[in-house]
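Visitor: Following this message is one structure expressed as C-alpha cells.
The values are calculated or read from the model by the stated rules, or taken from the named source; none is laboratory data. None of these values were measured; they are calculated from a predicted model. When we count neighbours, we look across all protein chains shown, and the Cβ atoms used for this are built from the backbone with ideal geometry, even at glycine. Ligands, DNA and RNA are stripped out before the accessible areas are found, and what is left, the full protein with its side chains, is counted by its heavy atoms. Shrake-Rupley method; radii C 1.70, N 1.55, O 1.52, S 1.80 Å.
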Amino acid sequence: MNTILLSLPGNENLTVLLAKKLNAEVGEVTFRKFPDGETYTRILSDVKDKCVVLICTLHEPDEKLLPLYFLSHTAKSLGAKCTCLVVPYLAYMRQDKVFNEGEGITSGFFGKLISGFADSIITVDPHLHRISSLEEVYDIPNKVVRAADAISEWLKQNIENPVLIGPDSESEQWVSEVARNAGVPFTVLQKVRHGDREVEVSVPEVDKYKDHTPILVDDIISTARTMIKTVEHLKNAGMKPPICIGIHAVFAGNAYQELLDSGVKKIVTCNTIPHPSNEIDLSDLLAIGIKKLMH
Ligand code: R5P
C-alpha cells in the first residue's frame, strides 16, 4: 500500500526514523494558530489513495487532540484511503475507574473519541491495569508494541549484576518480562497512592541484593513520586544508587530534576516522548508493528 507519514509538531525525529524503516515518504503539513487561538492545519502533500500515518505522541494530550482530529479528517477529505495513528504514549489510560463519586471513566471517553476519527492505532505499552486490553476502550484495529525486549537488551549491554525493582503491582508485567529476557532477578513492591503527589511504597527486602545495581523499572514517570519514594527506601536499606528506567518520560513540572536530585545514578527512558533521558530507541519495534497493523 502507498504510505505517507505526517508528523504532528514535536514528533519529527521519530517520523524520520520510521519513514526510513518503512521506506515511506514524509509529507508536508502546516500548523498554526489563527489570531483568535483556533487551530489551522493544511496538508501540502498528495495523500489521495494513500494510507496516511499520523505520528503524534499524546503526553499533555488536550492541546494535541484537535490538530490530530483535524488532520485525520482533512486527509480523508483529500482522498486518503485510511488514517493510522502512531501514538507512542497513549494518554488517559490511568483514568480507568471511578475513584470518587461524580467522576467519569475518561480512558473510555478518550478511546471512543479517537476511535471515531482514525482507522487504526498503534501504541507502546499502554497503562493496562484495570483495563486488560486496548480493545476494551478502542473500537478500531490496534497494535501494542512492548518495550521489554529493548529494555532487556539495554540492560545486558550497559549494566553488570542488576536487580530489577518494580514499584507497584501493575509494574510486575513489565519488570518480570524485562528480568526474564535479561536473565536477572526482580522484586515487586506495593504502592498506595493517596493523591496526585502523595504515594507510599512498601519497603523492599533487598538484603541479599546489596552487591547488585538496583534498577527501578516503571511504565510512566509522571510526578516521579513513585520513583523518589522507592529510591529513599533503597538508600535507607544501604543499596547502591539506583538507575531508574521509565518507558514513558512524562515528567510533569520539575519531576525530572527532582528525581535526579534524589540520589539516582542515572535516568533512562524510551523514545516514546522526546526527552533528554531517551536512550532506548523503539523505532524498529514500532516500524514492525505499523507494517503488521497495515497489512
Ligand atoms: C501507575 O501506577 C504507573 O504505573 C506509574 O507507577 C505512575 O504513573 C507513576 O506516577 P508518578 O511518577 O506520578 O508517581
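Visitor: Which one of Ile215, Ile121, Ile221, Ile159 is touching a strand residue (DSSP E or B) at 6+ places or on another chain (Cβ under 6 Å), within 30 Å of Lys76 (Cα to Cα) and either open to solvent by 60 Å² or more (accessible area, probe 1.4 Å) or among the β-branched types (Val, Ile, Thr) (or both)?
Guide: Among Ile215, Ile121, Ile221, Ile159, only Ile121 is touching a strand residue (DSSP E or B) at 6+ places or on another chain (Cβ under 6 Å), within 30 Å of Lys76 (Cα to Cα) and either open to solvent by 60 Å² or more (accessible area, probe 1.4 Å) or among the β-branched types (Val, Ile, Thr) (or both).
Visitor: Another one. Kindly state which strands (runs of 3 or more DSSP E) lie completely within segment 115-185 and contain at least 3 residues that are under 15 Å from the mean Cα position of the chain (by Cα) and not hydroxyl-bearing (Ser, Thr, Tyr).
Guide: In segment 115-185, the matching strands (runs of 3 or more DSSP E) lie at 120-124, 142-145.
Visitor: Can you say whether Val201 is over 21 Å from the mean Cα position of the chain (by Cα) and β-branched (Val, Ile, Thr), as far as the supplied structure shows?
Guide: For Val201, the condition - over 21 Å from the mean Cα position of the chain (by Cα) and β-branched (Val, Ile, Thr) - is met.
Visitor: Same structure again: Of (1) in contact with a helix residue (DSSP H, G or I) (Cβ under 9 Å, 6 or more places away or on another chain); (2) open to solvent by less than 40 Å² (accessible area, probe 1.4 Å); (3) more than 21 Å from Val124 (Cα to Cα), Arg193 satisfies all except one. Which?
Guide: (2)
Visitor: Here is a list: Pro185, Pro241. Which entry is touching a Phe, Trp or Tyr at 6+ places or on another chain (Cβ under 9 Å), away from the ligand (no atom under 14 Å from the Cβ), open to solvent by 30 Å² or more (accessible area, probe 1.4 Å) and not basic (Lys, Arg)?
Guide: Matching residue, one of Pro185, Pro241: Pro185.
Visitor: Please verify whether segment 138-158 includes one or more residues that are away from the ligand (no atom under 16 Å from the Cβ) and on the phi > 0 side of the Ramachandran plot.
Guide: No.
Visitor: Moving to a separate point now. Check Asp211 against each of (1) at pLDDT 95 or above; (2) of a type outside the set (Gly, Ala, Ser); (3) more than 23 Å from Ile288 (Cα to Cα) and name the one condition it does not meet.
Guide: (1)
Visitor: Additional query: From Glu177, Glu200, which residue is open to solvent by 20 Å² or more (accessible area, probe 1.4 Å) and under 21 Å from Asp125 (Cα atoms)?
Guide: Glu177
Visitor: Restricting attention to strands (runs of 3 or more DSSP E) lying wholly within segment 2-69, give those where 2 or more residues are open to solvent by 80 Å² or more (accessible area, probe 1.4 Å) and touching a helix residue (DSSP H, G or I) at 6+ places or on another chain (Cβ under 6 Å).
Guide: Here the list is empty.
Visitor: Okay, moving on. Do we find that Ser45 is at pLDDT 95 or above, under 22 Å from Leu286 (Cβ atoms) and in contact with an Asp or Glu (Cβ under 7 Å, 6 or more places away or on another chain) in this structure?
Guide: yes
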